[in-house]
Amino acid sequence: MKKLFLAALFVAGPVLADTFNLPEGITFRAKGVGYDCGEFFTDFKTAPEEFAAKNINFVQLAADKDLNAFVSELSYTNDADTCSYGVYWRRDRDTKTLNFERSEIIAQNNSANCADTKEWLDNQLATVKYYASKRGIRFIALELPVVKNNICESGVVRTVFDRR
């Protein structure tokens, strides 16, 4: 039932580029739309301070046919380069988490310019809880471990992806 639930979330998702691919193939996609404070269907927030300072943007979330393998594409810029970051996760259905497998970086100029933020993201995104919206099965959110929470009084910050 959970598999059907998440599959429905991604069906008819946006057509996005395949910068990072899964060995199992990509069947489902959802576009990054912003941040929330732990509840769906509220106004989207700006990036938390730590992510904004590093110019990090969650571009998309993609999954394989069985919804066991996930990849998320992020982009960020710094003074030296523009970077695309792909993080690969394995889904743990029992704990409702995505667990880090590996990451890749594609730099416009030199991947060494992207290394510090890549390492930081690897640590931040090692294990993330996931949530799917109940009403209309439109959104999926990943809870972020934000130290400096300047956007949510609840203490929970999630990046949200929209399947439309």
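Summary table below
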read-out: Value at 222 nm in deg cm²/dmol, rounded to 500, when DSSP H runs of n ≥ 4 in the chain each add -39,500 (n - 2.57); value: -4000 deg cm²/dmol
read-out: Mean separation of Cα contacts under 8 Å, 6 or more apart, over the residue count of the stretch 52-151: relative contact order %; value: 18
read-out: DSSP-loop GluC sites (Glu not before Pro) across the stretch 9-109, with at most 16 other Cβ within 10 angstrom; value: Glu24, Glu39
read-out: Range of Cα positions in the chain per principal axis (Å), largest first; value: 45, 39, 28
read-out: Surface/4 estimate of mean projected area, convex hull on alpha-carbon atoms of the stretch 65-124, nm²; value: 4.4
read-out: Farthest positive-ward along the stretch 48-137 dipole, Cα basis, beta-carbon charges - from Thr97, Asn123, Gln60; value: Thr97
read-out: Net +/- balance of residues flanking Asn123 in space, Cβ distance below 14 Å, scoring K and R +1, D and E -1; value: -1
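Every number here is computed from the coordinates shown, using simple stated rules; none is lab data. The shown structure was predicted, so the numbers you read here are calculated from the model rather than taken from an experiment. Neighbour counts run over all protein chains shown; Cβ positions are idealised from the backbone, glycine included.
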